[in-house]
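As structure tokens, the structure follows; a few thoughts come after it.
Read-outs: derived from the displayed coordinates by stated rules, not from any lab. Model, not experiment: these values are computed from the prediction. Using ideal geometry, Cβ is built from the backbone for each residue, glycine included, and neighbour counts are taken over all protein chains shown.
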């Protein structure tokens, strides 16, 4: 099966644009699996967050999926086009990465 991921990309300093990537997949694979395949096989510069493996943390892969806030690790890939965008009302870092913690809750280095 084949899915197309249409991804809104950019940085705070550049104009947003969309890139589309075709991803081969098997039933049961997630949007996160598709994003990892894109980064591995097509565009290593694609930025997104995830912390599923041994991190005991969640909410890292939250993004807009077809216009709804959801987790890329739980939404399944489907045939056809799926549109991905960064979280609204959050400061954009790059591509699908936004600032998660408010500025006063972020860890700061000493120095």
Worksheet item: Tell me, 74, 83 in order of fewest to most beta-carbon neighbours within 10 Å?
Response: 74, 83
Item to complete: Compute the distance in nm between two label points, each set 7 Å from the Cα along the Cα-to-Cβ direction, one at residue 20 and one at residue 51.
Response: 3.5 nm
Practice prompt. Kindly express, to the nearest 10 degrees and within the range 0 to 90, the angle between helix 31-41's C-alpha long axis and the longest C-alpha principal axis of the chain.
Written response: 90 degrees
Item to complete: Would you calculate, for the chain, the mean residue ellipticity at 222 nm contributed by helices, counting each DSSP H stretch of 4 or more residues as -39,500 (n - 2.57) and dividing by all residues, to the nearest 500?
Response: -3000 deg cm²/dmol
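Nearest 5 percent is fine: what portion of the DSSP beta bridges confined to the chain is antiparallel?
On the way: 17 of 22 bridges.
Here the antiparallel bridges make up roughly 75 percent for the chain.
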Worksheet, complete the sentence: Computed from every Cα-Cα pair in the chain, P(r) in 10 Å bins starting at 0 and rounded to whole percents is 14, 46, 30, 8, 1, 0
Worksheet item: So how do 13, 95 line up by other beta-carbon neighbours within 10 Å, fewest first?
Response: 13, 95
